[in-house]
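Before any comments, here is the structure.
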């Protein structure tokens, strides 16, 4: 019999370009750069989706929502997360906790974390105490530090 607890790890990265919207954790953040992506590019939600899918042994976000399928063009990532949540519930899984990191040199994200947490908790029907979101800079190193992109990781504990 498979274990009643499963852990999943998710990650996502998107390029930044001038005059595009920047949506992280479902929140539109004022900034002169935003994501270039097939959907809205929400790296945090995409990492969470990958973590949930990984814990269920269901591949990754690209398998469920391929970027060559116009059905998902400009998709709202919160809607994608709701679809995956439905899949998770069909298999009788629940989320124990979710821990996330967003790597961004700019903009500073700490002031947006409570709003992100509340939004994600509402989508997943979780207590805010089950969600932890951290923001880190790139210390001016690599593509994050050079403000060329933003990356996020998430780890989730699922149980039946």
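The table below gives the values:
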quantity: Restricting segment 119-130 to residues that are more than 15 Å from residue 81 (Cα to Cα) and in contact with a strand residue (DSSP E or B) (Cβ under 9 Å, 6 or more places away or on another chain), the residue that is surrounded by the most Cβ atoms within 10 Å (Cβ to Cβ); calculated: 130
quantity: Some residue of segment 87-103 being exposed (fewer than 13 other Cβ atoms within 10 Å of the Cβ), farther than 15 Å from residue 159 by Cα and in contact with a helix residue (DSSP H, G or I) (Cβ under 9 Å, 6 or more places away or on another chain); calculated: no
quantity: Among (1) in a strand (DSSP E or B); (2) free of Cβ contacts under 8 Å to residues at least 60 places away in the same chain - the single one residue 105 does not satisfy; calculated: (1)
quantity: Residue list for segment 68-77, restricted to those being modelled with pLDDT of 85 or more and surrounded by fewer than 17 Cβ atoms within 10 Å (Cβ to Cβ); calculated: 68, 76
quantity: Condition broken by residue 46, with the remaining ones in (1) closer than 27 Å to residue 139 by Cα; (2) surrounded by fewer than 20 Cβ atoms within 10 Å (Cβ to Cβ); (3) touching a strand residue (DSSP E or B) at 6+ places or on another chain (Cβ under 9 Å) satisfied; calculated: (2)
quantity: Residue ID - farthest from residue 132 (Cα to Cα), chosen from residues in segment 6-59 that are within 12 Å of the chain's Cα centre (by Cα) and modelled with pLDDT under 95; calculated: 40
quantity: Entirely in segment 6-98, the helices (runs of 4 or more DSSP H) that have 2 or more residues that are closer than 23 Å to residue 126 by Cα; calculated: 43-56, 77-90
quantity: Enumeration of residues in segment 30-56 that are within 22 Å of residue 99 (Cβ to Cβ) and in contact with a helix residue (DSSP H, G or I) (Cβ under 6 Å, 6 or more places away or on another chain); calculated: 42, 45, 46, 49, 50, 52
quantity: Residue check for residue 98: over 19 Å from residue 7 (Cα atoms) and modelled with pLDDT of 95 or more; calculated: no
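The values are calculated or read from the model by the stated rules, or taken from the named source; none is laboratory data. Being a predicted model, the structure only gives us computed values, none of them experimental. Cβ coordinates were reconstructed from backbone atoms using ideal geometry, including for glycine residues, and neighbour counts include every protein chain displayed.
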